[in-house]
Amino acid sequence: MTEPIRVLVADDQSLLRGSFRVLIDTAAGLTTVGEAGTGAEAVESARRLRPDVVLMDIRMPGMDGIEATRQISGSPGTAETRVLILTTFDLDEYVYGALRAGAAGFLLKDTSPGVLLEGIRTVAAGESLLAPSVTRRLIAEFARLPRVHPAPGSSLDDLTDREREVLLLVARGLSNSDIAEYLHLSHGTVKTHIGRLLSKLGARDRAQLVISAYESGLVTATRTPGSGARPGS
């Protein structure tokens, strides 16, 4: 039998932690391995328990979820652990910083239980996850910031036209299946393009590809759909 996905729940509200734990432990293929009430506890527990996924709240006492994510993603012992952040509309200004810190994805706290469970499975499988409304706000926030020089590895000069096209669709929040359908490619071909993008841009995961697309100027607020529509719609 396939081993269950091991989840660490980090939130400063004990009632929410308990609710998440019950939800996860009653879902097929998932299990909770621990809880943390602060960012520091999340880092310590991640190093000790080596979960597959950390369900992380951004705002916690002491060390916040962004710094905890940075330490978990940046430590060799927990680099393979994926961090899925739960956020609320009033915390969207932190999304960009958390992606830079290594978060694999975001969901809103008012998301449905089914979507949350599927989100855990998605990031555990190596995909990135950004709720459409969070993606739109992230792009708007990035456009508001002063223009910066591209970060190392964010240059698109070595990409083929097709790879640039795939990167644009990744940055717009499309899944591999969506990209395959839109470009009339096989799922395997899309995965190959994603792999090449990760290698060429030195990105850790799809979320880091999104950052590269923003920092290179490939994606801007005016070139990205503002209502979750697919490109060309």
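The values are calculated or read from the model by the stated rules, or taken from the named source; none is laboratory data. Everything numeric here is computed off the predicted structure, so don't read it as measured data. Cβ: placed from backbone, ideal geometry, glycine included. Neighbour counts: every protein chain shown. We work out accessible area using only protein heavy atoms, side chains counted, and drop any ligands, DNA or RNA first. Shrake-Rupley method; radii C 1.70, N 1.55, O 1.52, S 1.80 Å.
Numbers for the structure displayed
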read-out: Residues satisfying the stated conditions in the range 1-47, i.e. charged (D, E, K, R) and either in contact (Cβ under 8 Å) with a residue 12 or more places away in the chain or open to solvent by less than 30 Å² (accessible area, probe 1.4 Å) (or both); value: ARG6, ASP11, ASP12, ARG17, ARG21, GLU35, GLU41, ARG47
read-out: Selection count, the range 124-171, where residues are open to solvent by 60 Å² or more (accessible area, probe 1.4 Å), modelled with pLDDT of 70 or more and over 15 Å from the mean Cα position of the chain (by Cα); value: 7
read-out: Members of the range 185-215 found to be closer than 17 Å to ARG172 by Cβ and either among the polar types (S, T, N, Q) or not in a helix (DSSP H, G or I) (or both), listed by number; value: LEU185, ALA203, ASP205, GLN208, SER212
read-out: Neighbours by Cβ (under 8 Å, 6+ apart or cross-chain): first from the range 189-203, of a type outside the set (Val, Ile, Thr) and modelled with pLDDT of 90 or more; second part of a helix (DSSP H, G or I) and surrounded by fewer than 16 Cβ atoms within 10 Å (Cβ to Cβ); value: HIS193/ARG162
read-out: Selection status of LEU174, in a loop (DSSP other than H, G, I, E, B), under 17 Å from ALA104 (Cα atoms), among the hydrophobic types (A, V, I, L, M, F, W, C) and modelled with pLDDT under 85; value: yes
read-out: Unmet requirement for LEU55, which otherwise passes all of (1) open to solvent by less than 60 Å² (accessible area, probe 1.4 Å); (2) farther than 23 Å from LEU209 by Cα; (3) not hydroxyl-bearing (Ser, Thr, Tyr); value: (2)
read-out: Pairs with Cβ under 9 Å, 6+ apart, first in the range 107-122 and in a strand (DSSP E or B), second among the aromatic types (Phe, Trp, Tyr) and open to solvent by 20 Å² or more (accessible area, probe 1.4 Å); value: LEU108/PHE89
read-out: Helices (runs of 4 or more DSSP H) contained in the range 1-79 and holding at least 3 residues on the phi > 0 side of the Ramachandran plot and among the charged types (D, E, K, R); value: none
